[in-house]
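The structure under discussion appears below in the form of structure tokens.
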Amino acid sequence: EILGHFGSGGEPVPEGVAVPAVAVIDIGHAHTTVGIVAGDVVQHCRTINVGGFAFTRSIQQALGCDWAEAEARKHGEFQDSETTDPGRPRRAPSGYSQLPQAARTAMDGAIGLLLAEVRSTLIKAEDSLNIDVIEVRLVGGGSRVSELWDYLASDLGVSVVRPQDATGDSVPPAFAM
């Protein structure tokens, strides 16, 4: 029900008419929840077993590093003493672009799985509910991986935007839920 807050306003979906809908995608630690909202009502909801954990685990396995380092690398907080000034902490919006190629390739596998599951969820919901998903609102801690925004927009062919609170102000996606 809380996903309905971030969806579009309006009336319940009428029978036989394709109605615009918003997909609210919450990328959490262990899983991702996809909520399809039309007429202020969650019309469909699905949990996918891919989340931030899968991204971190793929980095950890590719680099043979510990969990803390993989998590720091994912979020752009990793400091390599050979390449970073130790007196000046670095904080990037996402660490994806700074990952070594092997870790990026491994993380791409987890991202690809997530994208495929989200795409199939939205297609099934559109077909079975006679709705048209016109926008994605991305929330959850995994949304801090900024590259996911472009991947989702490109893969789904819809805009990916920040959620808004009741006053219309943007909510930081990682804390929207």
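The values are calculated or read from the model by the stated rules, or taken from the named source; none is laboratory data. In this text the structure is predicted, and so the values were computed from the model without any measurement. No Cβ is skipped: glycine too gets one built from the backbone with ideal geometry, and neighbour counts run over all protein chains shown. Keep in mind that these areas ignore ligands, DNA and RNA; they rest on the heavy atoms of the full protein, side chains included. Shrake-Rupley method; radii C 1.70, N 1.55, O 1.52, S 1.80 Å.
In table form, for the structure just shown:
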read-out: Selection from the stretch 105-138 of residues that are more than 28 Å from GLU77 (Cβ to Cβ), assigned to a helix (DSSP H, G or I) and charged (D, E, K, R); value: ARG119, LYS124, GLU126, ASP127
read-out: Residue pairs meeting the criteria (Cβ under 7 Å; at least 6 apart or on separate chains; first among the charged types (D, E, K, R), in the stretch 55-70; second surrounded by 17 or more Cβ atoms within 10 Å (Cβ to Cβ)); value: GLU69/PHE78
read-out: Test result for ALA106, of a type outside the set (S, T, N, Q), under 20 Å from GLY52 (Cβ atoms) and at pLDDT 95 or above; value: yes
read-out: Boolean, VAL34 is surrounded by fewer than 19 Cβ atoms within 10 Å (Cβ to Cβ) and either of a type in the set (A, V, I, L, M) or at pLDDT 95 or above (or both); value: no
read-out: The stretch 116-144, residues that are open to solvent by 20 Å² or more (accessible area, probe 1.4 Å) and either of a type in the set (Ser, Thr, Tyr) or more than 17 Å from VAL42 (Cα to Cα) (or both); value: ALA116, GLU117, ARG119, SER120, SER128, GLY141, ARG144
read-out: Meets criteria (assigned to a helix (DSSP H, G or I), over 22 Å from GLN79 (Cα atoms) and over 16 Å from the mean Cα position of the chain (by Cα)) for ALA102; value: no
read-out: Residue list for the stretch 145-166, restricted to those being in contact with a helix residue (DSSP H, G or I) (Cβ under 6 Å, 6 or more places away or on another chain), open to solvent by 40 Å² or more (accessible area, probe 1.4 Å) and either basic (Lys, Arg) or assigned to a strand (DSSP E or B) (or both); value: ARG162
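Yes/no per residue for (1) in a strand (DSSP E or B); (2) at pLDDT 95 or above; (3) buried (at least 20 other Cβ atoms within 10 Å of the Cβ):
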position	(1), (2), (3)
ASP26	yes, no, yes
ALA30	no, no, no
ILE59	no, yes, yes
GLY76	no, no, no
ASP80	no, no, no
ASP85	no, no, no
ALA92	no, no, no
SER97	no, no, no
